[in-house]
Amino acid sequence: MNRYTVAVLVRNQFGVLNRVTSMFRRRQFNISALTVSETETSELSRITVVFSGDAIEKQQLINQLYKLPDVCSIKEFNDDNSISCELLLIKMLNDPDSRGDIQSAADAFGAITVDYSKDTIILQLTDSSRKIDDFINLMRDYTILEICRTGSVSLEKGSTTIRQTINL
C-alpha cells in the first residue's frame with residue numbers, strides 16, 4: 001500500500017468535512033492524519049488528508065471528490081513537490097533519573113520545552129511525520145503520559161498555489 005497526502009480546497013460550509021471524509025470511508029481508505037483549517041479567506045477551508053491505498057483507487061477517489069459541489073480544488077503532494085510537517089506535544093514524567101536523557105533527546109531532535117513542573121515536562125516538536133515517529137519511539141524508553149499530534153500540513157513548493165487550480 002502506498003501512502004498519499006492530498007489537500008482539498010472546499011467552500012467553508014456546514015457539513016463539507018463530513019461529505020469529504022465519507023468519500024474516503026465509502027472507498028475504504030484508512031485516514032492516518034486529517035487537518036482542517038480556514039485559508040487566507042474565510043470563504044474557503046483546506047482539508048489535508050494522509051491515507052494509504054492503491055494508486056488506481058486513489059485516482060478514482062480524487063475523481064469522485066471533484067464531483068462534490070463544495071470541492072474547489074485538489075492537490076496531491078509528495079516529498080519532491082512539497083513541504084510537509086506536523087506538530088507534536090508530548091507530556092513526559094519528570095523523573096530525576098531520566099530527566100537528563102529526556103532533555104538530551106529533545107535537544108538532539110530540536111524539541112523545545114513548553115511546560116516544566118515538578119512532575120511533568122511537556123515538549124513540542126515540529127518536523128516531518130517520520131522524525132516525530134522516531135522521537136516518540138525514543139521517548140518510549142521513558143514514561144510518556146500523553147501525546148497529541150496535529151497531523152500533516154503541506155504546501156506545494158514554488159509559486160503555484162492550490163487556488164490557481166480552482167475547479168468551480
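The values are calculated or read from the model by the stated rules, or taken from the named source; none is laboratory data. Quantities reported herein were computed from a predicted structural model and do not represent experimental measurements. Don't worry about glycine lacking a Cβ; one is built from the backbone with ideal geometry, like all the others, and counts go over all protein chains shown. The protein model used for the area step is the full one, side chains on, heavy atoms only, and it has no ligands, DNA or RNA in it. Shrake-Rupley method; radii C 1.70, N 1.55, O 1.52, S 1.80 Å.
Odds and ends about this structure:
- Residue within the stretch 137-155 that is touching a strand residue (DSSP E or B) at 6+ places or on another chain (Cβ under 9 Å), open to solvent by 70 Å² or more (accessible area, probe 1.4 Å), in a loop (DSSP other than H, G, I, E, B) and within 29 Å of residue 24 (Cα to Cα) present: no
Quick grid of which residues meet (1) part of a loop (DSSP other than H, G, I, E, B); (2) modelled with pLDDT under 95; (3) open to solvent by 70 Å² or more (accessible area, probe 1.4 Å); (4) in contact with a Lys or Arg (Cβ under 6 Å, 6 or more places away or on another chain):
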site: 28; (1), (2), (3), (4): yes, yes, yes, no
site: 33; (1), (2), (3), (4): no, yes, no, no
site: 47; (1), (2), (3), (4): no, no, no, no
site: 57; (1), (2), (3), (4): no, yes, yes, no
site: 61; (1), (2), (3), (4): no, yes, no, yes
site: 91; (1), (2), (3), (4): no, no, no, no
site: 108; (1), (2), (3), (4): no, no, yes, no
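- Within the stretch 74-93, not a single residue is more than 30 Å from residue 160 (Cβ to Cβ), out of contact with any Leu (no Cβ under 7 Å at 6 or more places or on another chain) and not hydrophobic (A, V, I, L, M, F, W, C).
- Taking the stretch 63-83 as the range and being part of a strand (DSSP E or B), open to solvent by 50 Å² or more (accessible area, probe 1.4 Å) and closer than 30 Å to residue 123 by Cβ as the test, only 83 passes.
- Near pairs, Cβ below 7 angstrom, 6+ apart or cross-chain, from the stretch 75-103 (free of Cβ contacts under 8 Å to residues at least 24 places away in the same chain) to any residue that is surrounded by fewer than 16 Cβ atoms within 10 Å (Cβ to Cβ) and basic (Lys, Arg): none
- Some residue of the stretch 118-134 being small (Gly, Ala, Ser), free of Cβ contacts under 8 Å to residues at least 12 places away in the same chain and out of contact with any Asp or Glu (no Cβ under 6 Å at 6 or more places or on another chain): no
- Count - residues of the stretch 13-47 that are under 24 Å from residue 149 (Cβ atoms), among the polar types (S, T, N, Q) and in contact with an Asp or Glu (Cβ under 6 Å, 6 or more places away or on another chain): 1
- One residue alone among 113, 126 is open to solvent by 70 Å² or more (accessible area, probe 1.4 Å), over 25 Å from residue 20 (Cβ atoms), assigned to a strand (DSSP E or B) and modelled with pLDDT of 95 or more, and that residue is 126.
- Given (1) part of a helix (DSSP H, G or I); (2) within 30 Å of residue 13 (Cα to Cα); (3) open to solvent by less than 80 Å² (accessible area, probe 1.4 Å), index of the condition residue 100 fails: (2)
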